[in-house]
Amino acid sequence: MATAKDADRVRPALTLTKEELEVEVPEPRLNWMNQWREWGVRVRPGNKGLTLGSLNVGLYGEIPMNWPDRSRNPRGAIGVTGTPPVAIQIKDKVDLWAPCAADLYEEAIQRRWAPATDVDWKAIHPLPEDIERAICQVCTEICQYAIIDVEVITSWQHQMAYGYHEVKQFLATTTLDATRRHEAFRKRALVNGGGLGYEGPCQVSRLLLESSGGWTETVTGLILIRALFTQVMIRYLNRFAYNGVERKIYECVTQDFARLITYGVEHIKYALAHAPDKQGSILTTLAIGFRMFNRDLRDPVLREALAIVFGGGIAGARNEGMLVFYEMLDEYVQELLDACQYLRLPVSIEQLPKVFQKDQRHSAEN
Amino acid sequence: MAKFPSVAWFDAVRDIYNKDDAMHGAGSGTCNCVVGVQVGRELFRLTFEGFECSQAEMITKAQLDDCDFYLHMAAKDWRTMLQNIQEHGHATDNFTLNTLDLGRVEGLSASTHNDQYREDLFFRYNQTLQFFFDGSARIQTTF
């Protein structure tokens with residue numbers, strides 16, 4: 001326990017002049033000192049340390065279904081009356097909550113990585129030009145996705161009520177994850193004698209950026225379409241990585257994405273459990289999203305670049321590379337359908353555009 | 001020298017994993033999950049808590065329900081993976097957990113409960129799990 005002697009050490013006593021001593025200082029009222037909604041709380045660290053979730057005890061653990069306070073008042077504090085409201089639009093728990101948000105926040109903090117030093121960049125070696133160009137093109141599109149993720153998530157964060165700080169804090173880590181993703185893939189594009197390629201088509205990106213009706217609907221597009229697809233793509237890139245540099249990036253990014261996807265899926269699950277009527281808008285968002293995604297996939301650039309990476313060069317892209325590309329799409333569709341089944345969303349493969357249906361794909365492309 | 005699969009083998013790998021700080025940073029860090037390992041018909045359970053893999057034990061098939069997910073392969077496939085790790089000091093190419101999960105028709109990670117939140121821990125802790133099995137390069141394994 002700190003003593004007065006310790007305090008003296010860190011804050012030396014003031015030496016006041018005679019004039020200063022004559023200044024009339026009002027007697028401190030200290031009337032704020034007995035104003036606490038709950039005092040005497042002592043949260044003890046567990047075997048995971050003092051976690052954000054463990055602070056949810058007593059009054060401080062009360063997370064109401066509605067948070068009408070449109071101020072920046074931290075949950076559990078005494079609000080000031082007369083404060084002009086800030087632009088908080090998401091005040092209902094059902095519109096943003098996921099029970100795992102506090103745990104995901106801790107996990108993101110604990111499992112952080114730094115592309116500058118955790119990736120052994122010196123281990124990279126020259127690749128055939130067609131492969132290097134293809135990897136750089138893929139990196140360019142992943143960088144663009146990351147920029148969109150940041151913009152989409154941050155455009156909603158300030159609209160969320162402070163009563164649900166666990167979600168706001170977790171989402172802050174996802175924007176850091178996205179900026180780190182941008183950093184890592186930009187570095188990979190520029191570290192081996194290559195450069196950035198074409199900006200990708202942006203139908204899905206536009207849908208996400210223009211989605212203003214609700215966070216749950218935005219999450220639906222962001223997670224079930226963009227993040228799940230990118231996650232599968234990165235896992236396939238990992239499978240066909242050309243060196244340890246790429247493998248390390250893909251492994252770490254997979255984990256970062258997994259947290260975002262977990263939040264998204266668990267939020268949609270929570271929203272559907274507490275507001276079943278949201279199912280309609282979620283399904284509509286998915287239907288629109290798939291039309292946009294279908295248009296994006298018609299652009300050959302990403303498809304061809306991935307096929308070159310998977311096929312070991314232009315020569316292998318036409319057959320093996322494209323087969324792996326479609327296997328990757330099938331894996332994405334399976335992940336999506338698994339997620340929809342978990343969420344009890346009535347989505348079947350027949351409802352998806354033909355490019356996502358293995359047995360219909362050929363007719364769709366002819 | 002430890003025979004795979006056995007509790008003694010997992011304990012030897014746990015010891016390496018628990019003591020090596022390099023396995024607890026750079027995208028790894030604390031890990032909280034219960035992982036099943038199915039080697040043919042033999043079943044094991046690994047408990048990860050914070051920076052430690054705190055326990056390895058043999059379990060019955062019914063106890064797989066307690067696992068967040070389990071990694072399943074035939075004994076010969078585990079052997080091939082571990083020999084790859086032994087040879088290179090870490091898993092390469094077709095023998096990383098991610099690639100095995102994608103490349104095998106039956107996958108690598110599965111669960112008995114279909115709870116996606118728990119199943120997704122395989123992806124959230126992938127780096128830690130890879131570090132753990134890569135640690136086996138530092139022990140002598142017999143089969």
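Values in this text are rule-based calculations from the coordinates and carry no lab data. Worth saying up front: this structure is predicted, and the values here are computed from it rather than measured. Cβ placement follows ideal geometry from the backbone for every residue including glycine, while neighbour counts extend to all protein chains displayed.
Please give every one of the lysines within straight-line cross-link reach of A:K269, meaning a C-alpha to C-alpha distance under 20 Å, and leave out same-chain neighbours fewer than 8 residues apart.
Those lysines meeting the cut-off are A:K91, A:K93, A:K168, A:K278.
Ordered by packing density, taken as the mean number of other Cβ atoms within 10 Å over each peptide's residues, highest first, how do A:336-342, A:294-300, A:224-230, A:123-129 rank?
Details: A:336-342: 17.7, A:294-300: 14.9, A:224-230: 22.6, A:123-129: 12.6.
Output ranking for A:336-342, A:294-300, A:224-230, A:123-129: A:224-230, A:336-342, A:294-300, A:123-129.
Would you work out if the protein assembly as shown is rounded, prolate or oblate? Take a ≥ b ≥ c from the square roots of the eigenvalues of the alpha-carbon gyration tensor; rounded if a/c is under 1.5, else prolate when a/b is larger than b/c, oblate otherwise.
Here the protein assembly as shown falls in the prolate category.
For the protein assembly as shown, what is the charge dipole size about the Cα centre, in debye to the nearest 20, if Lys and Arg each add +1 at the Cβ and Asp and Glu each add -1 at the Cβ?
120 debye
Based on alpha-carbon centroids, what's the gap between the stretch A:336-357 and the stretch A:199-278 in Å, whole number please?
The stretch A:336-357 and the stretch A:199-278 have Cα centres separated by 16 Å.
When Cβ neighbours within 10 Å are restricted to other protein chains, what is their mean count per residue of peptide A:265-274? Numbers along the way, then the final one.
Numbers: counts 3, 3, 0, 0, 2, 0, 0, 0, 0, 0.
What the average comes to for A:265-274 is 1.
Excluding same-chain residues fewer than 8 positions from A:K248, which lysines have a Cα within less than 28 Å of its Cα?
Output for A:K248: A:K48, A:K122, A:K187, B:K19, B:K76.
Ignore the peptide's own chain and count Cβ atoms of other chains within 10 Å of each Cβ in A:96-106; give me the average, rounded. Provide the component values of the computation, followed by the final result.
Working: counts 0, 0, 1, 1, 1, 0, 0, 1, 1, 0, 3.
The per-residue average across the peptide is 1.
If you line up the long axis of helix A:129-157 against the longest principal axis of chain A, both from Cα atoms, how many degrees apart are they, to the nearest 10?
Helix A:129-157 sits roughly 40 degrees off the main axis of chain A.
Would you mind calculating the relative contact order of the stretch B:2-138 from Cα pairs under 8 angstrom and at least 6 residues apart, reporting the percent as a whole number?
25 percent
Rounded, prolate or oblate, given the Cα gyration tensor of the stretch A:93-363, with a/c below 1.5 counting as rounded?
Oblate, since a/c reaches 1.5 and b/c is not below a/b.
How much of the DSSP bridge set in the protein assembly as shown is antiparallel, in percent, rounded to the nearest 5? Mind showing how you got there, number by number?
Numbers: 17 of 25 bridges.
Just about 70 percent of them are antiparallel.
Counting Lys and Arg as +1 and Asp and Glu as -1, what is the net charge of the other residues whose Cβ lies under 11 Å from the Cβ of B:V35?
Net local charge, B:V35 excluded: 0.
Is the C-alpha gyration tensor of the stretch A:232-321 telling us rounded, prolate or oblate? Criteria: a/c under 1.5 is rounded; beyond that, a/b larger than b/c is prolate, otherwise oblate.
Oblate is the answer for the stretch A:232-321, as a/c is 1.5 or above yet b/c matches or exceeds a/b.
Name the residue, out of B:T47, B:T128, B:T80, whose mean-square fluctuation peaks in a Gaussian network model built on chain B with Cα pairs under 10 Å.
B:T80
Kindly provide the helix-only [θ] at 222 nm of the protein assembly as shown, computed as the sum of -39,500 (n - 2.57) over DSSP H runs of four or more divided by all residues, to the nearest 500 deg cm²/dmol?
Calculated at 222 nm, the ellipticity per residue is -15000 deg cm²/dmol.
Mind checking B:120-131 for the average number of partner chain beta-carbons within 10 Å of each residue's beta-carbon? Each step should come with its number before you reach the end.
Values: counts 8, 3, 1, 9, 12, 4, 8, 7, 2, 0, 2, 1.
Per residue, the number of nearby Cβ atoms from other chains is 5 on average.
Please check: in the Gaussian network model of chain B (C-alpha springs, under 10 Å), which one of B:F123, B:F48, B:F133 has the largest mean-square fluctuation.
Judging by the Gaussian network model, the answer is B:F123.
Points 7 angstrom from Cα along the Cβ direction at A:V25 and A:Q360: gap in nanometres?
7.8 nm
Between the stretch B:49-85 and the stretch A:313-334, what is the C-alpha centre distance in whole Å?
A separation of 31 Å, based on Cα centres.
At a threshold of 8 angstrom on Cα-Cα distance, excluding pairs fewer than six apart, so keeping six or more, what relative contact order does the stretch A:36-187 reach in percent?
Taking the mean separation of contacting Cα pairs over the length of the stretch A:36-187, I get 31 percent.
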